[in-house]
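The values are calculated or read from the model by the stated rules, or taken from the named source; none is laboratory data. The structure displayed is predicted, hence computed values, not measured ones. So basically every Cβ, Gly included, is an ideal-geometry build from the backbone, and we count neighbours across all protein chains shown.
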Amino acid sequence: MSIEVTGLTKIYGTQRAVDNISFNLKKGEVVGFLGPNGAGKSTTMKMITGYLPATDGGIKVCGMEVSQNAMDVRKKIGYLAEANPLYYDMYVREYLEFTAGIHGIPNASQRISEMIKLTGLTKEVYKKIGMLSKGYKQRVGLAQAMLHNPEVLILDEPTTGLDPNQIVEIRELIINIGKEKTVLLSTHIMQEVQAMCSRVIIINNGKIVADDSIEKIQQHNVNQGILLVAFETNIDTTLFKSLKNVDSFEGLGNNKWKLLTQKPEELRKEVMQMALQHDINISSMQTETQSLEDIFRTLTKSEN
C-alpha cells in the first residue's frame, strides 16, 4: 500500500479533529477526500505528510512509518497545501530551481522544463509569482509538488481559483498522474470528484462515514431518493414537516421543491394526500436518484 492509516486521531484541547480513522490507498488510485469545512480533511492530510504529529494511531507511506521516518517519507510525497504558500518575490523558474535544490534533484533544469510544460506555465515562466493570477499560482504549486517525481501526491483543493478551461487541463493532468502514482485529493466540487476519482472517502466530525467507489456509494444509498415537486402557488413549509417520509427539503424557486427521502413512492402518496387536504394544486412531481452531492449532504447533514 502507498498510504496506510490506522486508528488515526488528532486532539486539540477537548476537540477531536480526527477521531480514530483508518483507510488504505494503493498505487494507481486517485481518491477524493471529502467533507464539510472543519471535518478533519486538511488535518488528516497534514498528518500524512508529517507536517502535524498525530495524537494517536499510525501512518505509513510507501511502507515507512511517518513518525519514525519523517524525512524519508517527505521525499516520497508531493504536497499542495490548501493555502499554497509561495515566495511571491521569486520568478516562476527561479522558485522551481530553489525547490529542486532543496530536493537535490539531478538534471534539475530538464525536470523543471518538463514541469513548466506539463502544468501550462510556459508563458508565465519569467514573471514573478506575485504577478500571477490565482489560477497560475495554483499551477506553480502543482509544479513544485510534482517536481521531485514523488510516489504519492497529497492535493488539498488543487483546482481552487482556476477557470473552467484550466480546471479541465488540471483534471486531465491529475488523471494521467494517477495512472502511475497514488493521489489523495480534497475538493468541494463534486463534478471534479466524479471526473477524476476512482474512489471516495467522506469524513464528517472527524469520522469516516463512507469509503468506497462512487458507484457503490450510490448503490448503497439507492433507497435514498429525491422527489421533485412543483406547486401552482406558494405553500407553507410546515406542511413538509408533517410528512413522515421526508428526510429534508430544499426550495428551488418558483414554487419548486426538492424532497429527500428513503421511500420515494410512499412520499409521493403523502404529498398527493397533503395537496388534497389543503386544496393545493401540483404542477408536476417526479422521482430521481440521488447524486453524489445529495449523498454527501445526507451523510454530513449534522454539519449544516
| request: Take the range 93-127 and flag every residue that is touching a strand residue (DSSP E or B) at 6+ places or on another chain (Cβ under 8 Å) and surrounded by 14 or more Cβ atoms within 10 Å (Cβ to Cβ). | output: Val125, Lys127
| query | Can you tell which of Glu180, Glu124 is at pLDDT 90 or above and acidic (Asp, Glu)? | reply | Glu124
| query | outside any loop (DSSP other than H, G, I, E, B), at pLDDT 90 or above and more than 21 Å from Thr122 (Cβ to Cβ) - does that describe any residue in the range 137-151? | reply | no
| query | What do you reckon, is Tyr79 buried (at least 20 other Cβ atoms within 10 Å of the Cβ), in a helix (DSSP H, G or I) and of a type in the set (Ser, Thr, Tyr)? | reply | no
| task | Taking the options Leu185, Leu162, name whichever one is surrounded by 16 or more Cβ atoms within 10 Å (Cβ to Cβ), part of a loop (DSSP other than H, G, I, E, B) and assigned by TED's automatic domain parsing to the domain that holds Glu94. | result | Leu162
| query | For the range 74-93, what are the residues that are within 26 Å of the chain's Cα centre (by Cα), touching a residue at least 24 places away in the same chain (Cβ under 8 Å) and more than 11 Å from Val140 (Cα to Cα)? | reply | Arg74, Lys75, Lys76, Ile77, Gly78, Tyr79, Ala81, Glu82
| said: Being of a type in the set (A, V, I, L, M) and in contact with a helix residue (DSSP H, G or I) (Cβ under 6 Å, 6 or more places away or on another chain): is that true of Met131 here? | reply: no
| request: For residues that are out of contact with any Ser or Thr (no Cβ under 7 Å at 6 or more places or on another chain) and not hydroxyl-bearing (Ser, Thr, Tyr), scanning just the range 9-20, find the one that is surrounded by the fewest Cβ atoms within 10 Å (Cβ to Cβ). | output: Gly13
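So that you can scan it fast, the table gives a plain yes or no per residue for (1) surrounded by 15 or more Cβ atoms within 10 Å (Cβ to Cβ); (2) under 30 Å from Asn37 (Cβ atoms); (3) at pLDDT below 90:
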| site | (1), (2), (3) |
| --- | --- |
| Gly206 | yes, yes, no |
| Lys256 | no, yes, no |
| Glu266 | no, no, no |
| Leu276 | no, no, no |
| remark: Counting only residues that are without any contact (Cβ under 8 Å) to a residue 12 or more places away in the chain and at positive phi, the range 5-33 contains a total of 1
| message | All but one of (1) touching a strand residue (DSSP E or B) at 6+ places or on another chain (Cβ under 8 Å); (2) in a helix (DSSP H, G or I); (3) modelled with pLDDT of 85 or more hold for Gly130; state the number of the condition that does not hold. | response | (1)
| remark: Residues in the range 94-121 that are more than 28 Å from the chain's Cα centre (by Cα) and either outside the structural domain of Asn149 (by TED's automatic domain parsing) or more than 18 Å from Asn149 (Cβ to Cβ) (or both) total 1
